[in-house]
Number of protein chains: 2
Amino acid sequence: MVRVVVIGGGAAGASAAARARRLDPNAEVILIERGSMITHAPCGMPYAIGGIVRSHEELQTYTPEEFEKERNIKVLIRTEVVDIDAEKKTVTVRRGGAQETIIWDKLVIATGAKPLVPRIAGVELKGILTMRHPDEVPTLKGHLEKAKTVAVVGGGYIGVEMAEVLLELGKKVLLFEQFDQVLPGALDADVAALVADEMRTKGVELHLGEKVVEFRGAEHVNKVVTEKGEYQVDEVVLAVGVRPDVDLAVRAGAKLGETGAVYVNEYMETTVPDVYAAGDVAEKVHRVTGKRVWIPLAPTANKEGQVAGGNAVRGRVLKFPGVVGTAVTKFYNLYIARTGLSEKEANALGLKAQSALIKARTKAHYMPGAETVHVKLIAEESTGRLLGGQIVGKSSVVAAYADILAVAVQSGYAVSDLFFSDIGYMPDTAPVWHPLIVAARVLSRGKL
Amino acid sequence: MVRVVVIGGGAAGASAAARARRLDPNAEVILIERGSMITHAPCGMPYAIGGIVRSHEELQTYTPEEFEKERNIKVLIRTEVVDIDAEKKTVTVRRGGAQETIIWDKLVIATGAKPLVPRIAGVELKGILTMRHPDEVPTLKGHLEKAKTVAVVGGGYIGVEMAEVLLELGKKVLLFEQFDQVLPGALDADVAALVADEMRTKGVELHLGEKVVEFRGAEHVNKVVTEKGEYQVDEVVLAVGVRPDVDLAVRAGAKLGETGAVYVNEYMETTVPDVYAAGDVAEKVHRVTGKRVWIPLAPTANKEGQVAGGNAVRGRVLKFPGVVGTAVTKFYNLYIARTGLSEKEANALGLKAQSALIKARTKAHYMPGAETVHVKLIAEESTGRLLGGQIVGKSSVVAAYADILAVAVQSGYAVSDLFFSDIGYMPDTAPVWHPLIVAARVLSRGKL
């Protein structure tokens, strides 16, 4: 009987445990989680802080009890792994003050990512908040309750989502981003400008191209200092990014890749025999470039967990083919989605790219209720290969446009292949010339 | 200087004319339209009849004047082509009582489709309405105005859409479909049952598996007779299907394909030199089976028109790769979309298919505003190749799900390729396990 130990009860870990159990009913499967929840969704944290989701406990799909009873997976919550010995095949865990050693045959490391805390003076002050785990929500809500002015440091996904939530909670919101655009890791500047416009319209005081250099306060932060000025604030949400939580993987002897995340092959095997890594802790392959990247997102984590868990009990039955970087966020009813390479990413990789940015409507021109969408497509100039796309608009269909593009991009489509794709139409769901088809035509520069 | 004559001002014809003009600024381009509008959208007719679209004149993208002035295309409206001589390269037209002959170098036939009128006793009675061209809308509205009870004969796209419109106009609606499901050409019975449930709930009196055999009345229809009963009605909407309007193409000597539509190659060339056909009049190639099919839809017509128009002036610069049969309709807020082969189509073709039908939600479980969607996926059992999908749900995102699948199907994806597709996620736009990914997993029968 094989014993599979999984470290981390989030998307990747829970998927790995569930998959191992499903494929091998005789396996002993142990899921170890430091916090109190498993199958939790950190992506929902902003909405739990904002109150759209009533309780952070809703941010779990299964309780530990359900996982134990319905799936026959031993779940150890509030249990911290303090060491891994890959030769003896053991993990040392600490729970309730006591320490114990657990033997494994196969180990899946799914320790996720943790917030990046920049080395800035005053960063250790109280009132500087980071977000990682849904069980922190009550504490975060407590901190934010009395604040009138909140600084959000970082204009990435979490920064943008938190800006909405904080405005809705009645706060004055200052958002600081060192790059001169919001969502610098996701969008090109032209598309990001559309998001920034909406953020300003809704009342966010945007400070772009303004790097925070210091936090000040006695015990509790009360001032954000940037290269350009000083700002009175009551609380700070620090959202400058995340990094893979590789400490345990390193202890296990696993090699890290060039991105700093755990190196894995397509079977989610690390360089250590019988040790797998999955989810945000692991490096991924980008399907457009073939290069190794670190794009930590939940759907990828789920699938990688599934691959790792399946292979742990069945041996190389599944391969994870990589990602194209599809991601979605929103600011109020402005939805923002992207996939593949941005134009600046393409250029940074030395790919000569060309792009088209068009404005279109989500329905036939004569139907009521249409919204405007902006679609940017990026292609390689020499081959016409579609590299990526970005879409912004006040309709959640924007996310699905990115999904359509994602499948096209990962399939190696040329712009003309997208143009001739059999995308559907009815007056209420799309114009007869679908925005993506129009964008492909414009990008073809007269060839289509 | 080349002269291009295009017959038919709808989607395909207008696209062909516009494309020819764009690619050859010196060409003389003449667009001949029997009705009074060009670039018209018959798909919007139900909504113009229902009043959601205020005037049928909104169902055109450009007026003939705009096309003439802005695009330098000669537009002859209310002009009927009565003959084509492909050897002399002429068309004979009748306009305003006079007849004249126009010489062409290249001819594009885009005469579209016309409603099928079954040979049923009494079908010639007044009050039996068919729908083809937006300029018929005022007449149709007039007919329906005083009717209390309306029979819709045919449960296809137009029948379903008209049932909603007629209910909204306060009519009692009886819908007769000879097959024992609605949308028999589009959906499998299991998915169609979900649509039928909603139609009954909203008040449509559905008569499935009930063939109409006679219409009765003095001058005006007042009774629908089926194999099973007789029904008092005030008006009848006849929507039993359409067929390609090939009369002129046949006069030109063009070969018809096995489907009865005009045979064209990938350049949209007919078998007659310098004569192209595009849109609903033309046969298409199905990208899943490689077989010739006739699936008359507007987005295809637009692209085929573009290919025909471009090739007419530039010679084989574009190829149309075919279709996968993506189509969308709605009944109130229940959206219905499909792509590829249905399970019954696959079986009829001798492909051994397997399928999965799942129920899922459009958002993360903890987010408000989620809707239920039903996703059916169909794959070839021996190879795992994805053949098609059908989606039904009270969210317009259903249409985009079909688009994602369409790109996957036309790319020759296996079920596992879909499962590993990098489809995006945020709590407000999708569950972390996207409904399409879940359906792929279920369809894999434990392999994923």
Over the stretch A:237-392, relative contact order from alpha-carbon pairs under 8 Å, at least 6 apart, %: 15 percent
Sparse-neighbourhood loop sites, GluC sites (Glu not before Pro) in the stretch B:192-276 - DSSP loop, at most 13 other Cβ within 10 angstrom: B:E219, B:E227, B:E258
Computed E for A:V225/A:E87 - FRET, C-beta separation, R0 51 angstrom, nearest 0.05: 0.55
DSSP beta bridge pairing in the protein assembly as shown, given as percent antiparallel to the nearest 5: 60 percent
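Could you work out the equivalent-ellipsoid semi-axes for chain B, taking the square root of 5 times each eigenvalue of the Cα gyration tensor, largest first, in whole Å? Kindly include the intermediate steps, with their values, before the conclusion.
Details: eigenvalues 267, 179, 80 Å².
Rounded to whole Å, the semi-axes are 37, 30, 20.
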Teacher prompt: A:N333 distances to equivalent labels in other copies, 7 Å Cα→Cβ, nm: 1.3
Loop-located trypsin sites (Lys or Arg not before Pro) in the stretch A:72-103, at most 14 other Cβ atoms within 10 Å (DSSP): A:R78, A:K88
DSSP-defined beta bridges in the stretch A:117-240 - what % are antiparallel, rounded to 5: 30 percent
C-alpha center-to-center spacing [the stretch B:284-313, the stretch A:42-109] in angstrom: 54 Å
Chain B - mean residue ellipticity at 222 nm from DSSP helices (-39,500 (n - 2.57) per run, n ≥ 4, rounded to 500): -7500 deg cm²/dmol
Sequence-distant lysines (8 or more away, or on other chains) whose Cα lies within less than 23 Å of B:K352: B:K291, B:K344, B:K376, B:K447
Whole-Å distance, taken between Cα centres, linking the stretch B:374-448 and the stretch B:147-172: 32 Å
DSSP-defined beta bridges in the stretch A:1-122 - what % are antiparallel, rounded to 5: 50 percent
Other-copy label distances relative to A:K211, 7 angstrom Cα-Cβ extension, nm: 7.9
Teacher prompt: A:V225 distances to equivalent labels in other copies, 7 Å Cα→Cβ, nm: 9.6
Fewest-first ranking of B:H207, B:H220, A:H434, using other Cβ atoms within 10 Å as the exposure measure: B:H220, B:H207, A:H434
Identity and axial distance of the chain A residue whose Cβ lies nearest the axis relating A to B, Å: A:A400, 2
Kirkwood hydrodynamic radius over Cα pairs of the protein assembly as shown, then Stokes diffusion coefficient at 25 °C and 0.890 mPa s, in µm²/s: 83 µm²/s
Compactness relative to 2.2 N^0.38 Å, alpha carbon Rg of the stretch B:327-443: 1.01
Straight-distance crosslink candidates among lysines, where the alpha carbon sits under 17 Å from B:K172 and sequence neighbours closer than 8 are dropped: B:K141, B:K146, B:K148, B:K202, B:K223
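Read-outs: derived from the displayed coordinates by stated rules, not from any lab. This one's a predicted model, so the numbers in the text were calculated from it and none came from an experiment. All Cβ positions, glycine included, derive from the backbone under ideal geometry; neighbour counts span all protein chains shown.
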